[in-house]
Amino acid sequence: MLEIRARLEAGKPAVIYGRLRLAFDQRQKSRMRATLESGEEVAIALARGEVLRGGDLVVAGAGEVIEIVAERESVMHAECDSAQALTRLAYHLGNRHVPLQVGDRWVRFAADPVLAKMAEGLGAKVSTTEDAFEPEAGAYASHHIHDNESGHGGRIHEFGPHR
């Protein structure tokens, strides 16, 4: 079984050995077993607090490079008519420590009917969609941007420079 212990350094050339599809809750775990798209099993043993993002490259024991793919999952997509309403919604979700993916005039959060009802009560138009969920890493996390600029990564609640 392959054992993933580290990220590939940014900018290093790599030949992709395999792809690992994981939902966001799985990409937050530092220890777990998973299965590559090929069916091969892998063990993940990363530093605590490390969050994997879609597009990240990790390295297994003998140098095999694995691409992390953000699995499509059920998420709530909330849009508001004004910046003030969107800010209010983001505040109330953040006050509940809900991981949020922030876009242009919208936020997304893990599917939760109670939170969806709250968002609607705050004036948001809420729908359920299937998409890769890439929430913000947090104010104290180191960040990196993928070529498609869709995700942030790094360690949760650790200080570090913005990259």
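Laboratory data are not the source of any read-out in this text; all were calculated from the coordinates shown. None of the values given here were measured: they were computed from a predicted structure. We place every Cβ from the backbone using ideal geometry, glycine too, and count neighbours over all the protein chains shown.
Determine which residues of the stretch 74-102 fall in the zone a paramagnetic label at Asp25 would reach in this model, i.e. backbone nitrogen under 11 Å from the point 7 Å along Cα→Cβ.
Label zone hits: 74.
Note down, for the stretch 72-132, the three equivalent ellipsoid semi-axes (square root of 5 times each alpha carbon gyration tensor eigenvalue), biggest first, whole angstrom.
16, 12, 11
Which of the three applies to the stretch 54-100, rounded, prolate or oblate, going by the alpha-carbon gyration tensor with a ≥ b ≥ c and a/c under 1.5 meaning rounded?
prolate
For the stretch 58-127 and the stretch 5-51, what is the separation of their C-alpha centers, rounded to whole Å?
Taking the Cα centre of the stretch 5-51 as reference, the centre of the stretch 58-127 is 22 Å away.
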